[in-house]
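What follows is calculated from the coordinates using simple rules that are stated; it is not laboratory data. Because the structure is predicted, anything quoted here is derived from the model rather than measured. As a convention, Cβ positions derive from the backbone with ideal geometry for all residues, glycine included, and neighbour counts pool all protein chains shown.
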Amino acid sequence: MYCSPLDGLNNNYRRVRRIVIVNKSIILSNSHKQELVKYAETEKPYESCAILVGNESDKNWIVEKIFLTENTAKSKVEFTISPDEEFRVDQIAKEKNMEIVCIFHSHPESEAHPSETDKKFMRVNPFPWIIYSGKTNQMNCFILENENMKQIQITAVSYTHLTLPTNREV
């Protein structure tokens, strides 16, 4: 998997402070969770990917919008989000006083745990990563903190105050 701008090509995406985990969770709507699963299943046999934007609080990362992105690698074992797409999503988030809060991708034929490749790119993309397994239908979230992999709770909630999607924005 390769997430180009987030890995340093464009340092606008890099976090300026270290992430400190104090029992934080990812909060997203049930409809967003269902849309991510549906997208992952539709994109098989390739890995699917998405950028989740919202806001970070002391206790949570709150997902307000998801952007389903093309896996330009067209691979069963890795993903690439184009730099232009990442930049576009980041600009939309900033215009709405939000930020990128999470990266999503699927593992069509393996478990919902970070691969060695995922771990490599998590070092340069310090966001929570949601991984969906097409094999087990499980969805897990992880973050790499000081070289330690930590699992983060995903809390799906019912709320409808989100704006309607445009383009591939959900």
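Relative to the Cα centre, what is the charge dipole magnitude of the stretch 21-74, using +1 at the beta carbon of each Lys and Arg, -1 at the beta carbon of each Asp and Glu, and rounding to the nearest 20 debye?
100 debye
Where the eigenvalues come from the Cα gyration tensor of the stretch 35-170, what are the semi-axes √(5λ) of the equivalent ellipsoid, largest first, in whole Å? Please report the intermediate quantities before stating the final value.
Working: eigenvalues 89, 63, 47 Å².
So the equivalent ellipsoid measures 21, 18, 15 Å along its semi-axes.
Compute, for the stretch 26-170, the length of the dipole vector about the Cα centre, with Cβ point charges of +1 (Lys, Arg) and -1 (Asp, Glu) only. Units Debye, rounded to 20.
Value, rounded to 20: 240 debye.
Please give the residues of the stretch 52-76, grouped as numeric ranges, whose backbone N is less than 18 Å from a label point set 7 Å along the Cα-to-Cβ vector of K44.
Within reach of a label on K44: 71, 74-76.
Sorted by mean Cβ packing within 10 Å, highest first, what order do the peptides 29-35, 104-110 take?
Ranking, from highest mean packing down: 104-110, 29-35.
Which residue, M98, S48, I81, has the largest displacement toward the positive end of the dipole of the stretch 30-103 when charges sit on each Cβ (Lys, Arg +1; Asp, Glu -1)?
Among M98, S48, I81, the one farthest towards the positive end of the dipole of the stretch 30-103 is S48.
Near the amide H of C49, under 5 Å away, which other amide H atoms are found, from residues 5 or more places off or on another chain, if H is placed in the peptide plane?
The list, which skips near neighbours in sequence, is T69, N71.
Put +1 on the Cβ of every Lys and Arg and -1 on every Asp and Glu Cβ in the stretch 42-170; which of A112, F127, N137 then has its Cα farthest towards the positive end of the dipole?
Of the candidates, N137 comes out farthest on the positive side.
Among the lysines, which fall within straight-line cross-link reach of K44, defined as a Cα-Cα distance under 25 Å, with same-chain neighbours fewer than 8 residues apart omitted?
K33, K65, K74, K76, K119, K120, K135
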